[in-house]
Every structure is written in C-alpha cells, then in structure tokens.
1. So SER384 clears everything in (1) more than 19 Å from the chain's Cα centre (by Cα); (2) under 23 Å from THR277 (Cβ atoms); (3) among the polar types (S, T, N, Q) except one condition, right? Which one?
2. With (1) within 26 Å of ASP330 (Cβ to Cβ); (2) outside any helix (DSSP H, G or I); (3) free of Cβ contacts under 8 Å to residues at least 12 places away in the same chain; (4) not hydroxyl-bearing (Ser, Thr, Tyr) as the list, and HIS450 as the residue in question, which single condition is left unmet?
3. Considering only residues that are in contact (Cβ under 8 Å) with a residue 60 or more places away in the chain and surrounded by 15 or more Cβ atoms within 10 Å (Cβ to Cβ), look in the stretch 343-355 and name the one that is farthest from SER112 (Cα to Cα).
4. ILE209: modelled with pLDDT under 95, β-branched (Val, Ile, Thr) and surrounded by 12 or more Cβ atoms within 10 Å (Cβ to Cβ), yes or no?
5. In the stretch 212-240, which residue that is over 18 Å from THR393 (Cα atoms) and polar (S, T, N, Q) is surrounded by the most Cβ atoms within 10 Å (Cβ to Cβ)?
6. State yes or no: is VAL438 of a type in the set (Val, Ile, Thr), closer than 23 Å to LEU280 by Cβ and touching a residue at least 12 places away in the same chain (Cβ under 8 Å)?
7. Looking for whichever is more than 15 Å from the chain's Cα centre (by Cα) and within 26 Å of CYS413 (Cα to Cα) here; the options are ILE66, ILE98, ILE122. Which one fits?
8. Which of the residues spanning the stretch 433-452 are surrounded by 18 or more Cβ atoms within 10 Å (Cβ to Cβ) and touching a Leu at 6+ places or on another chain (Cβ under 9 Å)?
Amino acid sequence: MFREIYKKYNGKEKILGIKKEVFIGWTIFLVVFVIIHLIAEPTFVDDKKFRLISEKNNYDVLSIAIKRYSTWTSRFLIDLTNFVFISLPSFIWKVIDIVVLAFCYKVLAKLSNHYIGMALLICAYPFQHMASAGWVASTINYVWPFTAALVAFYILYKKKNEKNIIYACIYILLMIFASFSEIMCVLNIITLLACIYFSKKYDDCSFNIRWIILSIIISVGGLINTIICVGNKQRIPYEIKTHMPEYNILSWFDKIRICTVSTLQHFTSLPNILFLTFSLLLLILGWENSKKIYEKVINVIPLLLSIALSAYYFVVNVLINRNFHYVFTDIILKKGTKNYYFNYVLFILALIYFVSVIWNILIVYGNSKKRIIMILILLGGLISRFILIASPTMLASGPRMYFVLYMSIIWICANMIKKIKQKSIKTVIVLLLAVGIVANIGMVYITQIHQG
C-alpha cells in the first residue's frame, strides 16, 4: 500500500493541492502527536492534585487561582488556564494541546522554511518530559507560554499587527499570557532587544519600535509581578525546605556548577537522539567548512563528547545500576572524593562542549547575520535553563524545564539539515530521527503505564 502511495505522489509538487513538503510535514506531525495524546491521560501528579482541589472548591477556578496567587504562584493567568482545563473532560485538553503544538510547529517550520525536517525534529522531542508534573500542568506551564510568545513574535516579524486590528489584539493577548511565565518574560525582553539591534544594523530586517517598546513594557510588568507576588515569597521557603535545604548556603559558583553539570547529565545520562543529531550535524557541516587541522579537531568535540558520555552512562547507569531515570548531580560535594573530581570533570567537559558548539556555528555560518541568530537562539535556550539558578527547584523541576532549550536545538538542527546537500547523509539523519520518534511514542506509553 505504502509503495503504491509513494509511486502515485513521487515527483509531484503538490498533494491534494498542498505543497508536497508541507503535506508530508503536517502528516508526520499530526500522526505522531495524535498518537501521543491518545496515550496521555492526565491522571497523576499535579493533574490529579489540581482536579481534587477543583472538585473540593466546586470548580470555582477563578477563586482557586486568586487564592493561589496570594499563597503560591505569580503565574495567575497560566494557573487559571490550568485549573480550567483540568476541570474539563481530558479530551478537550488533548485537542487544544495538539492545536497549540501545531501553532508551535507551523511558526518554527515557516521561520526555518523546512516543514519535513521540523516535523521530524519536533516529533523526536521526548514528550514524556511533560509528564513530570502531569500532562496538563506541564504543557500549560511550559509549552503554551512558549508558543504564545513564539506566535506573537511571528506576528511582529510579519508586521501583521500593524495591518489588522484583530492581529494587534491577538498579539497583545499572547504577550500578556506569556508574561505570566518569568522565563518567557526574560526571553521576550532579550528577543525584543535583539530585534532593535537587527533593525538598526540590517536594512532587510526592520521592526516597529513602538510595538517593541509596548512588548518590553508587558514583559517587564511580568517580571515585576513575579518579584512582588506575595505567593512567590511564601512558596520559596517551602521549596527550599522540601527540595533543596542546602540552597541558602550554596555559593553562586555552586549553583552554576549544579545547573551546568545537571544539564550535561540530562542530555547524556539517557540516550538522547536530538542531542546526538545536533552534535552530528555540527560535525558534518563544520568539517565541510574547516580547512585547518585544529578546526577539524574542534569539529569532532561535540559528537565525541556526546557519544562518550552517553556510552558511559548507558553502561554505568542503565546496564550496571539498572537505573532508567536521569542522573542528577550532587548538591554538596566533599573535597577529595571521587565524586568531587568527577563533577568538576563534567563541569569542564560541559564548558568545552559549549565553546566547541559556538565555534562550529561560527564556522558553519561564516560572517553572516544567521550565525548571530543561531548563537542568540542557543543562548536563549540555555538562559531558560540557567534562570533556575535563582530557584531551589533547579533540580526538582525535572526534565520539563528543558523544553525551551530543546526548541532552540530543534530550530538550529532544522536550519543545518537544510544546508546538507548529500542525500545519503540526509537519509542517515532521517533514520536517526525516525528512531527518536518511535522511542518518543514508546516512552510516552511506558510513562503513562508507570505513572497512571
């Protein structure tokens, strides 16, 4: 059957009136995420807890959100949305979440101009991370604010908000929703300042300064809300006591070490297809554009480190210790111990990896505007992780906190795949991502069975 379909549409530019690449990309995306959402059931962790709170309060979600704002969190609008959807039948969240992810995919695909590559990459994102606080709670707190900010940026970039009052209203509402996430507030401000820089430096890249100023005001307002919220001030002592009692005695360097090492461990302590793909693409394109021996040595470093550490953790963590969970670094290290030295080796390796990645991006994109964009997107993803240095939940937040970093890696990968000309190499990348997609669906199923 598949062979007949292939013969029928092979060589055609359009399928059902849609460009072939767009049609294939959307098909992959919808099939994978419909399957994932058929499997995922919001029956555990915060989803279960919030549903009980909602039932206890007779589904008065507004009163619940107001009370939690004064006792727990500054994310009022996000929290309200969370309780609305957790109080409704789960299929409603499933449909809306697919729609939100579809907007995320569409914007990223349009900006990268690569529908199939972007579909494969997003579908290889380990969606089981969204189960760490419950499917509904995690997606609404991480995926939805990111998508809101992303769509708002696309509206700003295409100047749709200047031409249509409806788009202008949508833009403002999206920015307000995103501003209730402190992570997105910081990233929005950085993005908007970068827009001003590109407007001044490049003639082919212009943004409306008045809309940027308005957007910065909204994001700064979000940060002020985070700082002055009484609920946050009451929650932090509880989180310190519960998640990281050592937090107040840690130096800033200790916090940076913990975030740095735990980030490297996240991407290597369990096999990670996207991390390996990212490192492989840097090697392939970097090697093609490098002429000197030392440059080629630097090209190899990201892939070498990712394979070496992944192999080490697979043997020690999975095969020997039978641990199928992510490894977390120790908070307090005793000088002179094996673990002390191992942690600092990982810290140095993480820095080496980061520097070699930046070097490879500079080599791949040369002296162009795109290299600045790539580096800024990567830094944005890292900032979304390292913001948690200021929180005692820097480890307890779990893998869901890496979502924005994954999206930055995915966008860079999609752009690098476009630069590959050899069909054989593209085939290898596609097969690698196909393995990632199958593993993604499998892990969502296993997570649901184990948690539910």
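1. Of (1) more than 19 Å from the chain's Cα centre (by Cα); (2) under 23 Å from THR277 (Cβ atoms); (3) among the polar types (S, T, N, Q), only one is false for SER384: (1).
2. (2)
3. Step by step, filter the stretch 343-355, then rank; the result is ASN343.
4. Working: modelled with pLDDT under 95: yes; β-branched (Val, Ile, Thr): yes; surrounded by 12 or more Cβ atoms within 10 Å (Cβ to Cβ): yes.
When the stated conditions are applied, ILE209 passes them.
5. Checked the stretch 212-240; the qualifying residue surrounded by the most Cβ atoms within 10 Å (Cβ to Cβ) is SER215.
6. Working: of a type in the set (Val, Ile, Thr): yes; closer than 23 Å to LEU280 by Cβ: yes; touching a residue at least 12 places away in the same chain (Cβ under 8 Å): no.
No.
7. Numbers: ILE66 fails: within 26 Å of CYS413 (Cα to Cα); ILE122 fails: more than 15 Å from the chain's Cα centre (by Cα).
Among ILE66, ILE98, ILE122, only ILE98 is more than 15 Å from the chain's Cα centre (by Cα) and within 26 Å of CYS413 (Cα to Cα).
8. LEU433, GLY436, ILE437 - these are the residues of the stretch 433-452 that are surrounded by 18 or more Cβ atoms within 10 Å (Cβ to Cβ) and touching a Leu at 6+ places or on another chain (Cβ under 9 Å).
The values are calculated or read from the model by the stated rules, or taken from the named source; none is laboratory data. Bear in mind that the values here come from a model prediction, so they are computed numbers and not experimental data. Here the Cβ is made from the backbone with ideal geometry for all residues, glycine too, and neighbour counts use every protein chain on show.
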